[in-house]
Amino acid sequence: MTGYLLRRLPSALGVLLLASFAIFFILRAVPGDPVATLAGSDPSPETVAAIRADLGLDRPVLAQYGTWLADVLRGDLGRSYVIGGEVSELLSQRIGKSVELTIGALVFSLAIGLVLGVLGVTVKNRAGQAVLSAINAISLIVPAYVSGFLLVFLFAITWPVLPPGGHVSVLSDPQIGFQYLLMPALVMALPPAAIVARYVKDGLLQALGEDYTRTAKSLGIPHRRILWRHALPNALPPVLTVLGMLVGTLLGSAVIIEAVFAWPGLGTLAEQAVTRRDYPVIQAVLLFMVAVFVIVQLLTDLAYALIDPRVRLR
Amino acid sequence: MATDVLSAAPSPGPVPAPAHAPGAGPGPAAAAKPRRRIRNRYLRGLMTPRGIIGLALVGVLLGAGLAAPLLTSHDPNFQSADALVGPGSAGHLYGTDEIGRDLLSRLLYSIRTDLMVVLIAVPLGLLIGGALALVAVTHRVADVAVQRLFDLLLSFPSLILGLTVTAIAGFGAGSIVTVIVLIEIPSFGRMLRGAILVHRDREYAVAARIGGAGPLRLLTRHVLPNAADPVVVQVAVAMSVAVILEGAMSFIGIGIRPPDASLGGMLSASRPYLEDHPFYALGPLVVITALVVGLNLIAEALNRGARR
Amino acid sequence: MPVSSIFTSRRTVLRAAGAGAVALGLAGCKSAVDEKKSSPAGASGQPKKGGTLQIGSLTDFTPALLFTQNAFTAVHRLVFNTLTSYDPKTLQPQPQLAKSWQVAADGKSVTFQLREGVKFHNGRPFTADDVVFAINNLKDPKRSAQLRATAAVVQEIQVVNPLEVTLKLAHPVSNLFDLFEFMIITDKDSVEEAVTGKKLIGTGPFVFKSWTPGASLSFAKNPEYFIPERPYFDGVEVRIIPNNDSLVSALRGKQVQLAIGLNGRDVAPVKTDPQFTVQQYDTGSGAVYVGANVTVKPFDDKRVRQAISYAINRERIVQQSLGGFGLPSSAPWPKSSPAYSDATAKRYPHDPERAKALLAEAGVSNLDVPLAYLNTSTVIAQMIQFDLQQVGIKTTLEPLDPAKFQAQLIGQTMPALWAGSHGFAQLHPATLAVSAYPFNEAKNTSKFSDPAYTEIVQKAWRQPDADSPAAKAAYQDLSEVLLDRQFVIDLVVLANLYVADKSLQGVGQNTYASLVLDDAYLA
């Protein structure tokens, strides 16, 4: 196993390095730079030159990249040019908020997925099954901004019980914070919920076909009890694995959801940083996102390798 | 992370089931006369309730978009003093927006814009992704390079990619097309690479090679037609992803250049009026949903047809 | 101080809010959107002490722009003070950290007597050295202060004693006190930490506690503030809510008592609600304009630029895109400016025929030019495009993101036409012409230069007495030359809006739109 990991590691690191290089140079190819924002509305050429020198932007790009990479490897992400503050602090605050949203979404997707999955097994009539599969398909494919708009319209405007957007930390004020979390987390949870539902349903069907459930049935144990006490616990482990893999997907969908609900997470930070050319911040955010992606992929491969030993030999 | 805004795409990420599992390929019997068989299978897939509903949804919207000049006499960009009037008033069937433009004609023209973007971007993504897949299967080194490139493209959330491309290339349809292409490249590329690898070693391909077929002939006559199944399905999925992405980019203000109407642009403009003029948002919401659902139904129908 | 208007009437939707919360099973719980029982409002006229004011802001604090006027206004006059502050009605300076002052008859020097016993939040006493530092700091190009040109006129600073300082000027300037209204006095030892947002140390009514980027700022009462019994509040919390309807909703849910940064369109849902007051200041928010690059033909011909000015329907922009807030005007000045007159504001009425005639006279037809704009003001750009098309000027819209827009603005690389907004018209008129980039006589985005303009600007700027008849005449000349040359085509003077819970009293702003909470309290 360790051997497999060691073999996979170089290519993961390669993607990271490649990404860091691409991010750094593409950013500098983008017209407009942070100096424009920092120089205010009436800058003289001296102002612009002074700020540029102050930020070290007058040095050759390759030298800038070297310095930055060395700093990052030492764990120093630098200081934000425009937004202000240490990049590491900015990043960790926003990651905290994104994690809050992601955990909320994971809980929702698990709950909704379980309900839909169990219903998928217990509902027997054709009409019911058709409705269930329609719900599944809709939640899988409807874009986040469409479901977000509908929820805002329903629960923030027509029937104003929830705020249309914004953020209050669940940790600092659980009651209010939860109300802010509800809609964005629900929107984020919809597509993974459909996937969870599929896995739950498949797992349940499989477990219900196993010997021990058939035995239990023949012993006269009620169907409901078999489902909840025997089949479901057996169907859960693969579902949890899938859920873990979905984390990366959720982080990606955060950008648009944060835009719809004014949630101050990583996506919003990335958008702010790109439009203002806050180089150190964009570099850190993008590198973090790429790292999450790479790690999730690595873990996925690892999980497959655990399940299927043949993969390890490849 | 490739599936962020494109939650519709059931495949490229590590997550869902291996929808494009090569096992679904046709048996040896099918391989004997590949072409006629394929057409029939897809047709049969589309002629199911699922497929018909999907085709109807997309067809009606496509038709409405193409026939926009015939369906409405209003110039979609003409502004008037009648701002935010409700449906039916002042000669506007579906009301006006905040600067007095006819909403119905804007909606119809926005379908046009959308479809234009999608119909350019998806084939382009398929072409480039396919070309890269072909490069990848030639040589081990090329394979590693191409795969890392796919990884890299997949690792950026699509909207971040959108923001960056727009910052470089400016606002407009060109940037949207570029972003969609960049996102489609790895999904088409990975899929084709996998399919080619599988089919290259199947008996019929091996037989053809022994029978003296050159590599190009082998590829075009034997491998590609058999690898086409997942691709045909993926084209429909990719189109819905493209519709979603266009909407998302226009929604966050980096999409189609004003004053041209776009679905996401209209949706985002309607937000401040959601309370007092909810009809404004309704149009783009319905159209986007219908397009996405329709395209996914088609994809699903094709998929089922191909597996039969 | 404000040209304020307060709108009242009833709204039913909020009623439903309470009912909805109950139905959802939140009865007895706190709701993020629920309308609480209105406080026993303003029964007594007596200011109430204590409590924390919750403010919602659309924009976040940008510490790097601390010494630049920028969109975030809730820090400058909370933590800091200035030497003097204007009475906004008369633009007469009033004492703040300076007790009194004398301007020499030739206008070439000014002496300040400073208030004694004032302490910075770190306990250090405020002295003349801090004034010296503040002026030199503004001269530093890295600080990007818009009034750097005026600060640079201060040639020599003499510290007479710790509480008296004399500034010698290179030449008299009419907008000298604009500088002292603008220049916040910061602790000189921590200024580098101030521009990174770590430590803000001033003498103001509130002590800076913390800033969490993208989320919040928090301030506590300064118990040793030099104005006795002030401020009333024990603390101020600013929450960053970067979405218009979320901010309005936070206001309705009573999570904030004051919303800053909203535009006229956003306030539509609350402007008729008796729970809230909408205060409208015509100073400090700047003006919307169309700029013309005069090096691009045919915009070198002023008749073409004048035609644009006639072609645009300013009234419609105010109504359709600004929710009715704002002053349609062809001149840059708000009503409080000494340069304002109805005649200049209405110089270019909406007159497409006149515009076509001017274009014909200039021999221009089949124009098709780019129109750049900031991608956040799409609606106004589309309206300008439409109006221009009606007189035969076709434009292609070029949206630019903020960094690109700013880069092209200061790099003089704007295309033929662009739409933007400028500030600094609310002060002494000369400040506009030397400090707002589109108007700068020395170097501006339009690449416009004209000896006559330069002469008029310099004359208006170098007036020793800002209120003399000579100064007034100079301002009039400035207005006239701007209206005639039209390299900057002003459209609408924007209103700065505060939407507040009606129990909030005593909120003010200075001429730079910085929020002043010295006298604010919740009734």
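Can you compute 3J(HN,Hα) from phi for each residue in region B:198-212, using the Karplus curve 6.51 cos²θ - 1.76 cosθ + 1.60 with θ = phi - 60°, rounded to whole Hz and x for Gly and Pro?
So the Karplus estimates, Gly and Pro as x, are 5, 6, 4, 9, 5, 4, 5, 5, 4, 4, 5, 5, 4, x, x Hz.
For chain B, state the average projected area of the convex hull of the C-alpha atoms over all orientations, rounded to one decimal in nm². Walk me through the numbers on the way to the answer.
Details: hull surface 69.7 nm².
Its average projected convex-hull area is 17.4 nm².
Just order C:464-476, C:299-311 by mean Cβ neighbour count inside 10 Å, highest at the front, would you?
Values: C:464-476: 17.0, C:299-311: 22.2.
Highest to lowest by the protection proxy: C:299-311, C:464-476.
Under a plain spin-label model, where a point goes 7 Å from the Cα along Cα-to-Cβ, how far apart in nm are residue B:138 and residue A:8?
Taking the two extended label points, one gets 3.0 nm.
Hey, rough spin-label estimate for residue A:70 and residue C:46, points 7 angstrom out along Cα→Cβ, what's it come to in nanometres?
Label at residue A:70, label at residue C:46, 6.7 nm between them.
Along each of the three principal axes of the Cα atoms of region C:287-494, give the extent in whole Å, ordering the values from largest to smallest.
Principal-axis extents of the Cα atoms in region C:287-494, largest first: 48, 37, 34 Å.
Let me have the relative contact order for region C:287-494, percent, based on Cα pairs under 8 Å that are six or more residues apart.
Value for region C:287-494: 36 percent.
Take peptide B:263-274, look around each residue's Cβ out to 10 angstrom, count Cβ atoms belonging to other protein chains, and average those counts.
Details: counts 0, 2, 1, 0, 4, 5, 3, 1, 7, 9, 3, 9.
Across B:263-274, the average partner-chain Cβ count within 10 Å equals 4.
Report the Cα-based extents of region A:1-117 along its three principal axes, largest first, to the nearest Å.
Sorted from largest, the Cα extents of region A:1-117 read 65, 38, 24 Å.
Could you sort the peptides B:71-78, B:276-283 by per-residue average Cβ neighbour count (10 Å cutoff), highest mean leading?
On the way: B:71-78: 15.9, B:276-283: 18.6.
Order by mean packing, descending: B:276-283, B:71-78.
Just to compare against my own numbers: the Cα pair-distance distribution for the protein assembly as shown, 10 Å bins, whole % per bin, please.
Result, from short to long distances: 2, 9, 17, 22, 20, 14, 9, 5, 2, 1, 0 percent.
If we restrict to alpha carbons, what Rg and Dmax does chain C come to, in Å?
23.9, 74
Which distance in nm do the two modelled labels at residue C:159 and residue A:138 give, with both placed 7 Å along the Cα-to-Cβ direction?
For residue C:159 paired with residue A:138, the spin-label model returns 7.4 nm.
Which percentage, to the nearest 5, of the DSSP beta bridges contained in chain C is antiparallel? Intermediate values should be presented prior to the final figure.
Values: 59 of 79 bridges.
So the antiparallel bridges amount to about 75 percent of the total.
Taking amide H positions as placed in the peptide plane 1.01 Å from N, state which residues far from residue C:341 in sequence (5 or more) or on other chains have amide H under 5 Å from it.
Under 5 Å from the amide H of residue C:341: no residue qualifies.
Which of the listed residues, C:471, C:481, C:405, is farthest toward the dipole's positive end in region C:287-494, when Lys, Arg count +1 and Asp, Glu count -1 at the beta-carbon?
It is C:405.
Take the alpha carbon atoms of region B:78-156, find their center, do the same for region A:187-244, and report the distance between the two centers in whole angstrom.
40
Using Cα pairs under 8 angstrom and six or more residues apart, how large is the relative contact order of chain B, in percent? Before the final figure, lay out each step's value.
Working: 456 pairs, mean separation 87.3, N = 308.
Computed over chain B, the figure is 28 percent.
What's the average, rounded to a whole number, of partner chain beta-carbon atoms within 10 Å of each residue's beta-carbon in C:244-253? Please list the in-between numbers first.
Working: counts 5, 12, 11, 4, 3, 10, 6, 0, 2, 5.
The shielding value for this peptide is 6.
If R0 is 41 Å, what FRET efficiency do you get for residue B:43 and residue A:206 from their C-beta distance, rounded to 0.05?
Details: r = 34 Å, r/R0 = 0.83.
The computed FRET efficiency comes out at 0.75.
Of the listed peptides B:202-213, B:49-60, A:185-196, what is their order by residue-averaged count of other C-beta atoms within 10 Å, with the highest listed first?
Taking the mean over residues of other Cβ atoms within 10 Å, the ranking is A:185-196, B:49-60, B:202-213.
Determine the distance separating the Cα centre of region C:447-473 from the Cα centre of region C:393-440; give it in Å without decimals.
What the calculation gives is 21 Å, centre to centre.
Run the paramagnetic zone check for residue C:111: 7 angstrom along Cα to Cβ, then residues of region C:143-181 with backbone nitrogen under 15 Å.
Counting backbone N atoms under 15 Å from the label point, the list is C:157-169.
Residue by residue through A:262-272, how many Cβ atoms from other chains fall within 10 Å of the Cβ on average? Show your work: numbers first, answer last.
Numbers: counts 10, 3, 10, 1, 2, 5, 3, 2, 6, 7, 5.
That works out to 5 on average.
A 18 angstrom limit on the alpha carbon distance is what I want to check against. Which of C:108/C:459; C:302/C:447; C:346/C:443; C:89/C:168; C:443/C:472; C:108/C:168 exceed it?
On the way: C:108/C:459 15 Å; C:302/C:447 14 Å; C:346/C:443 28 Å; C:89/C:168 29 Å; C:443/C:472 25 Å; C:108/C:168 6 Å.
Pairs exceeding the cut-off: C:346/C:443; C:89/C:168; C:443/C:472.
Name the residues whose placed amide hydrogens come within less than 5 Å of the amide hydrogen of residue C:109, ignoring near sequence neighbours (fewer than 5 apart) on the same chain.
Amide H neighbours of residue C:109: C:104, C:169.
Taking 30 Å as R0, compute the FRET efficiency from the Cβ-Cβ separation of residue C:170 and residue C:480 and round it to 0.05. Walk me through the numbers before you get to the answer.
Details: r = 27 Å, r/R0 = 0.91.
My answer for the efficiency is 0.65.
Would you calculate a helix-derived [θ] at 222 nm for the protein assembly as shown, using -39,500 (n - 2.57) for each DSSP H run of n ≥ 4 and dividing by the full residue count, to the nearest 500?
Working: 40 runs with 572 residues, N = 1145.
Helices in the protein assembly as shown give a 222 nm mean residue ellipticity of -16000 deg cm²/dmol.
Nearest 10 degrees is fine. How inclined is helix A:2-29 to the longest principal axis of chain A, computing both from alpha carbons?
40
When only DSSP loop residues count, what trypsin sites (Lys or Arg not before Pro) in region C:70-158 have their Cβ near at most 10 other Cβ atoms within 10 Å?
Working: sites: C:77, C:89, C:99, C:108, C:115, C:119, C:139, C:142, C:143, C:148; in loops: C:89, C:108, C:115.
The qualifying sites are C:89.
Bear in mind these aren't lab numbers, they're just calculated from the coordinates by the rules spelled out. Just so we're clear, the structure is a prediction, and the values are computed from it rather than from any experiment. Heads up, the Cβs are rebuilt from the backbone with ideal geometry, glycines too, and the neighbour counts pull from every protein chain shown.
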